[in-house]
Amino acid sequence: MSEHDDRIRARQRERARVMAWLLGAFVLLMFAITIVKIRAGMGA
């Protein structure tokens, strides 16, 4: 594998890591919103 390929792979790994963090943050946000909505519905 050439140095050029290594740089491309490193960039792809970094992009995948960022996307994983963003997806995880989105899931946590949806979970938190759901919990808040359920609690608001129970109190009404």
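What follows is calculated from the coordinates using simple rules that are stated; it is not laboratory data. What you are looking at is a predicted structure, and each value in this text was computed from that prediction instead of being measured. A quick note on method: Cβ atoms are made from the backbone with ideal geometry, for glycine too, and the neighbour counts reach across all protein chains shown.
Quick notes
- Distance between the 7 Å Cα→Cβ label points at VAL18 and VAL36: 2.7 nm.
- On Cα atoms only, tilt of 3-43 relative to the major axis of the chain in degrees: 0 degrees
- Estimated translational D of the chain in µm²/s (Stokes, Kirkwood radius over Cα pairs; 4 °C; 1.567 mPa s): 99 µm²/s
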